[in-house]
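Notes follow once the structure below has been shown.
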Amino acid sequence: MARTLWEADVYVALTRAERGPEPGQRLTPAAPIARGENLTEGPDAWTYSSPVGDITIPYVSEKTANQTGMHFGLGRSRLVDPAQWVIVAHQYADDALVDAMNYDGEPGDKRAGIELSWELAAEAINQAVQFLPADAVEVPDSEIWTEFGAASKAAHPGMLHRARLEEDLEYFTEALANFRALHGPHFR
């Protein structure tokens, strides 16, 4: 069960990436699953018939996420582990950097996409932070349940340290603020 359409799509992308890269495959979705795209409506939830299996997305959690601006949902994920969230955050940040470097300063979808990528990068780091016990220096290994997450942590041992997560969050939020300061406020 996913908390939101965004989280379901991130989970699908990560699961497919674990199976091996496909030509042109993105680790992070550019937009959440479109309603009607392999979604079946039920009494309390959608069922997303994804390439990695059916995923249930309760209407109430999607609505709450939309009201609070939390794309991936409230609370801790049961689908995506903290190491995977850090990977997702950095993918969104990489996308934002590349797009910002090629941005022409005009309002529109490109600008909105850059801002959204920075927001999602920060939000993904916040998702990882939720697995960090209050008095801990880093997220415990027991909180990483995927091979992909474990391999990522082994390759980047400091990725789930409190200080690193705080640095990443500060960088992503400052990058968004700097982008907006340079190009003016964005009105959605």
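Checking (i) 1.42; (ii) 2.18; (iii) 1.03 against Cα Rg over 2.2 N^0.38 Å calculated from these atoms, the matching label is (iii). Applying a length cut-off of 24 Å (Cα extent along the axis) and a mean Kyte-Doolittle floor of -1.0 to the DSSP H helices of the chain leaves 82-101, 109-129, 162-183. Have a look at 15, 146, 68 and tell me which one the Gaussian network model of the chain (Cα, springs below 10 Å) gives the largest fluctuation. Comparing 15, 146, 68 in a Gaussian network model of the chain, the most mobile one is 68. If we count every other residue with Cβ under 13 angstrom of residue 153's Cβ, Lys/Arg +1 and Asp/Glu -1, where does the sum land? Its environment carries a net charge of -4.
Taking Cα centroids, how far is the stretch 52-105 from the stretch 146-162 in Å? If you average the Cα positions of each part, the centres end up 19 Å apart. Against the compact-protein benchmark of 2.2 N^0.38 Å, the Cα-based radius of gyration of the stretch 148-188 scales to 1.66.
Each Cα pair under 8 Å and six or more residues apart adds its separation to the average, and for the stretch 41-188 the resulting relative contact order is 23 percent.
A short reminder: the numbers here are calculations on the coordinates, not readings from a lab. Model, not experiment: these values are computed from the prediction. Positions of Cβ are generated from backbone atoms using ideal geometry, with glycine treated the same way; all protein chains shown enter the neighbour counts.
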